[in-house]
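Below is one structure; the comments refer to it alone.
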Amino acid sequence: MKVYVETYGCALNKADASLMKALLLNGGHEVVDNLKEAEAILVNTCTVRKDSEERVLRRLRDLSRNLSGRKLIIAGCMVSTQPYTLKQVAPTASLISPQNIAKIVDVVESQNVENLIIGIRDTSHLPCNVEGRVASIPIAEGCVGNCAYCIVKLARRKLTSYKPELIVKSVREAVSKGAAEIELTAQDTAAYGIDLGGINLAKLIKKIVDEVEGNYMIRVGMANPNTLKPILDNIIEILKEPKVFKYIHIPLQSGDDKVLKIMKREYTVDEFVNTVKELRRKIPGITIATDIIVGHPGEGEEEFENTIRTIHEAQPDKTHIAQYTLRPRTESSKMLHVSEKVKKIRSAFLAKTVEEIGTKINKEYIGSIVESSIPIKGFRENSIMYRLFNYKPMVIYDYKVMRYKNIALITNATFYDLRGIYIS
Ligand code: SF4
């Protein structure tokens, strides 16, 4: 079958789509990039926020009306959290939840409409698919948190980690297929192995760099402050490894302790700030990314000002901002809500704040000499993008001859990237 795959949402959902593509290819099917060629359509859904849900439902409604006999399969978090809503917009679609993705080939080949909603994730095999020079590898599903606003918990449930040997095998396969960047993803990579015992994220990465040869770099996915804290020293040591990007993404969500309590995030603002300072002290030039939810119930003017103050204190390179949206069956959905108008004003103010901080950090690179080696096609014609040791994107414009390993002079910087010229 020619299968067209469309995925929405987070790095883990993208890694799941990559895993399903690998299973389909190993099953003798073809993954096509053009919807017109497709005999089956697989949509991997996201429902983390109201706007992501609406976008996916619009797409499914449109696809469902123009199927002309083709098969529609819906996967991703919405299958677990809102299956009835999906059946309303796409009554003839087969449903496969994140826990059942190992059965994707059966569902594609089945003559019936399948509804695989309940189940436990089969972590006995982990084939990988390389997209361009990047391989996204899920190391675990689920988490140990119980955040009041989060619908993902209802979709991904309890923590289920893949065995370290299986992940090492998958990384080796990815590198043999030309992957130069290995993304280790999960809802919370720092929780990795808590369910297995005797292994954690730092030990896993050590096993990978010791056992997999080749020219590749590892990027660690999102890690929560509370699960990161107990393994912070190990993580700092492993981030010093040459094959690991000096990059970490630690979602803060709010810079106010009262709101963190309401969110059921199990850490304090001070713990987050101290973790960031420790990382910066021990790993010079590390890139720190974070997330903030603006307008969560309980966030008043004073609490929002605390978030702004915390962002100024922590100085993250990147901050992803999301306006709180009500998610069904979550605790926060029953709380008093902040108005849309106020959320808009606050997130605009925060966006300006984080852009000033990120741009100031990037401008400090101007005039510096940097080394990089993994070229990726640039976004603009005749440009090349490299990832530096700390995952910062460096763009070379109007290059004559593309160079792999190169030395460049940073001549300019924006909030989004560094700009440079080759000097050797
Ligand atoms: S850690 Fe919290 S926000 Fe993250 S997936 Fe789990 S419950 Fe959701």
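The values are calculated or read from the model by the stated rules, or taken from the named source; none is laboratory data. Since the structure is predicted, the reported quantities are computational estimates derived from the model, not experimental observations. Using ideal geometry, Cβ is built from the backbone for each residue, glycine included, and neighbour counts are taken over all protein chains shown. Ligands, DNA and RNA are excluded from the accessible area calculation, which covers all protein heavy atoms including side chains. Shrake-Rupley method; radii C 1.70, N 1.55, O 1.52, S 1.80 Å.
Residues that are modelled with pLDDT of 95 or more, surrounded by 19 or more Cβ atoms within 10 Å (Cβ to Cβ) and within 16 Å of the ligand (Cβ to nearest atom) occur in segment 161-175; there is at least one. When segment 131-142 is limited to residues that are of a type outside the set (Gly, Ala, Ser) and open to solvent by 30 Å² or more (accessible area, probe 1.4 Å), the one that is farthest from Val175 (Cα to Cα) turns out to be Glu131.
Could you tell me whether Glu381 is surrounded by fewer than 13 Cβ atoms within 10 Å (Cβ to Cβ) and modelled with pLDDT of 90 or more? Answer is no for this residue. For segment 323-375, filtering for residues that are within 16 Å of Lys392 (Cβ to Cβ) and aliphatic (A, V, I, L, M) leaves 7. Out of Gly358, Gly300, one residue alone is without any contact (Cβ under 8 Å) to a residue 40 or more places away in the chain, of a type outside the set (Val, Ile, Thr) and outside the structural domain of Val395 (by TED's automatic domain parsing). It is Gly300. Within segment 144-156, is there a residue that is in contact (Cβ under 8 Å) with a residue 40 or more places away in the chain, away from the ligand (no atom under 16 Å from the Cβ) and of a type in the set (A, V, I, L, M, F, W, C)? No: segment 144-156 contains no residue that is in contact (Cβ under 8 Å) with a residue 40 or more places away in the chain, away from the ligand (no atom under 16 Å from the Cβ) and of a type in the set (A, V, I, L, M, F, W, C). Evaluated against (1) of a type outside the set (Gly, Ala, Ser); (2) assigned to a loop (DSSP other than H, G, I, E, B); (3) more than 16 Å from the ligand (Cβ to nearest atom), Val108 falls short on exactly one condition, (2). Checking the stated criteria, Lys343 turns out not to satisfy the condition of being open to solvent by 40 Å² or more (accessible area, probe 1.4 Å), of a type outside the set (Gly, Ala, Ser), outside any loop (DSSP other than H, G, I, E, B) and not assigned by TED's automatic domain parsing to the domain that holds Ala408.
Does Gly132 fit the bill of being within 16 Å of the ligand (Cβ to nearest atom) and under 23 Å from Leu166 (Cα atoms)? No: the conditions fail for Gly132.
If you go through segment 102-130 and keep only what is open to solvent by less than 70 Å² (accessible area, probe 1.4 Å) and at pLDDT 95 or above, you end up with Ile104, Val105, Val107, Val108, Ser110.
Out of Arg309, Arg329, report the one residue that is open to solvent by 10 Å² or more (accessible area, probe 1.4 Å), outside the structural domain of Lys153 (by TED's automatic domain parsing), modelled with pLDDT under 95 and farther than 23 Å from Leu201 by Cβ. Criteria check complete, one pass: Arg329. Scan segment 236-249 and give yes if some residue there is in contact with a Lys or Arg (Cβ under 8 Å, 6 or more places away or on another chain), part of a helix (DSSP H, G or I) and open to solvent by 40 Å² or more (accessible area, probe 1.4 Å), otherwise no. So far as segment 236-249 goes, no, none of its residues is in contact with a Lys or Arg (Cβ under 8 Å, 6 or more places away or on another chain), part of a helix (DSSP H, G or I) and open to solvent by 40 Å² or more (accessible area, probe 1.4 Å).
Remark: pairs (first residue in segment 253-271, modelled with pLDDT of 95 or more; second residue away from the ligand (no atom under 15 Å from the Cβ) and of a type in the set (A, V, I, L, M); Cβ separation under 6 Å; 6+ apart in sequence or on different chains) = Gly255/Val269; Asp257/Val269.
Given the condition surrounded by 23 or more Cβ atoms within 10 Å (Cβ to Cβ), in contact with a Gly (Cβ under 9 Å, 6 or more places away or on another chain), in contact (Cβ under 8 Å) with a residue 12 or more places away in the chain and not aliphatic (A, V, I, L, M), answer yes or no: does some residue in segment 52-75 qualify? The answer is no, given that none of the residues of segment 52-75 is surrounded by 23 or more Cβ atoms within 10 Å (Cβ to Cβ), in contact with a Gly (Cβ under 9 Å, 6 or more places away or on another chain), in contact (Cβ under 8 Å) with a residue 12 or more places away in the chain and not aliphatic (A, V, I, L, M). Considering only residues in segment 182-197 that are open to solvent by 10 Å² or more (accessible area, probe 1.4 Å) and over 17 Å from Leu19 (Cβ atoms), the one that is farthest from the ligand (Cβ to nearest atom) turns out to be Gly197. When each of Gly9, Gly28 is tested for being without any contact (Cβ under 8 Å) to a residue 60 or more places away in the chain and of a type in the set (Gly, Ala, Ser), the lone residue that passes is Gly28.
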